[in-house]
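Reading through the structure tokens given below for one structure.
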Amino acid sequence: MTPLRRQIRREIFTLAVPVVLSSLLQRGVSIIDIFLVGGLGKEAIAAVGIGQLLIFISMTVIWGLSSGTTVVIAQLYGGRRQPEAARIAFQSILLGLILSLLISWVGWAFGKQGALFLGAEPAVVDLADGYIKIIFAVFGFTALVNILCNILYGIGDTGTPFIAVVLINVLHVLIAYPLIYGTWYGFGTAPQIGVIGAAIAIGISEGFGALLLLWTLYHRGVIHAGRFNLSLLKEVIRIGLPVFGDRALQQAGQTLYLKMIMFYGTAAYAAHQVGVSIEALSFMPGYGFSIAVTTAVGQSLGANQRDRAHLVNWEANRFAVMLMAGMGLLFFFFPYLLLRLFTTDAEVIRLGTLFLKIVAILQVPLAITMVLSGSLKGAGDTQYLLFTTVVGSWLVRVPLAYLFSRVLGLGLTFVWSVMVADWVVRMILLLIRYRSERWQRAALADGQTVS
């Protein structure tokens, strides 16, 4: 093994391991809510799942901004242009806060209509309404945590976000359980407010995390105050807009897909939500490697080290495939044990077992897709990622799911199986793009100014 390859492996693990853990914990806020409300029944699981879906949809704008910020900061740091990176970081935060205020209002006003659109039963809608209103009221904290973590990812610091997310999750659990069930872990009573308690816990814990991260970045000089100037955000917006479009189309397609799942009843939707929460055990590590690759490739290309960028992608792909394939085996052979941690509902467990066996099959193409996406994103080639989402989600997943569920009236096995087809198609398209090397042309040129 060459010294460069050893160095890259260390770099990937140094970047990826904290991101893997923090990504699991960030997703853990929603997973924990599903886990905690499981004792309230399948209606509560479905209600929290709907609220989280609406938040994911709303986060598309913030994810676009965060991704653009990460890529530009990584490339600027690779080119040793830290002062410009600090100014972009500050102004990305300001833009994110403005956008989050608008999103909060829309979610508060129309969240219930979103639950009705998904076809939720009346009991689920009633539970979801209060949960949705609260999580959108505190949406600014959720957005700020995401933006601040991505700024740190861009400079190559993945440890600080991990520490912050650990604290957020610990605080979330400490607050959520008593408010959901009305007991302070057997040492006293608390107001029992069910799913609303889970939402309140999100607001308090993420508010704490946002303030902690903001204070840390300011005192380390990672952000630098300056007059708001749209031209300074030109590259962030250029890179971030396709990511926003990618996430928006992905979430819109996911919403229609979940609406078709809801067609099979509350138990099917609850099984899907629990299954997705369990799948995060593999998905979030894949996402962690993707973020690590985005940072490492961005900094490599910013320093005009293209061969190094290729080695980063290769090494990250190897580790992601091994890890996620192993998780796929766990999902396939031990689904009952995993599902039983979340619910005792026999029908939800039966359907969830089917779901986990299907997602076990797609772990390898998903791993390759996520790492390749990180490489292209690190170069700023986000327009092609948008293209793969259009094909995979809107030309494969949604049409096939509609055909199987509404036209042919087939069972859930067929509807869930289209997820495999979706990710295989995306993997093939990304492999073609990566081999062409056209993705590297989107990187900032050496010395290019963004001010």
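Every number in this text was worked out from the coordinates using simple rules, so none of it is lab data. Predicted model, so just to flag it, every value in this text is computed and none were measured. Cβ: placed from backbone, ideal geometry, glycine included. Neighbour counts: every protein chain shown.
For segment 318-400, the spread of Cα coordinates along the three principal axes comes to 46, 33, 18 Å, biggest extent given first. Loop sites by DSSP among the trypsin sites (Lys or Arg not before Pro) of the chain, restricted to those with at most 13 other Cβ atoms within 10 angstrom, leave 81-226 as the longest stretch without any of them.
Taking only the alpha carbons of segment 11-442, we obtain Rg and Dmax values of 20.8, 63 Å in that order.
Within the chain, the longest run free of exposed loop sites, counting chymotrypsin sites (Phe, Trp or Tyr not before Pro) that sit outside DSSP helix and strand states (H, G, I, E, B) and have at most 13 other Cβ atoms within 10 Å, spans 229-451. Multiplying the residue separation of Asp126 and Arg306 by 0.36 nm and subtracting their alpha-carbon distance yields 59.4 nm.
Under 5 Å from the amide H of Thr183 lie the amide H atoms of Ala190, each residue being 5 or more positions distant or on a separate chain, with H modelled from the backbone and absent for Pro and chain starts. Among His172, His219, the ranking by other beta carbons within 10 Å of each residue's beta carbon, starting with the fewest, stands as His219, His172. The calculated 222 nm mean residue ellipticity attributable to helices in the chain amounts to -27500 deg cm²/dmol, summing -39500 (n - 2.57) over DSSP H runs of n ≥ 4 and dividing by all residues.
Rounded, prolate or oblate for segment 195-293? Axes are the square roots of the Cα gyration tensor eigenvalues, ordered a ≥ b ≥ c, and the cut-off for rounded is a/c under 1.5. Judged from the Cα gyration tensor, segment 195-293 comes out prolate (a/c at least 1.5, a/b above b/c).
For the chain, what are the DSSP H helices with axial Cα length of 30 Å or more and mean Kyte-Doolittle hydropathy of at least -0.5? Before the final figure, lay out the partial values.
Values: long enough: 3-37 (50 Å, 0.87); 82-117 (48 Å, 1.01); 159-181 (34 Å, 1.86); 195-220 (38 Å, 1.33); 234-262 (41 Å, 0.28); 266-302 (49 Å, 0.76); 306-333 (41 Å, 0.55); 412-436 (38 Å, 1.25).
Once both thresholds are applied, what remains is 3-37, 82-117, 159-181, 195-220, 234-262, 266-302, 306-333, 412-436.
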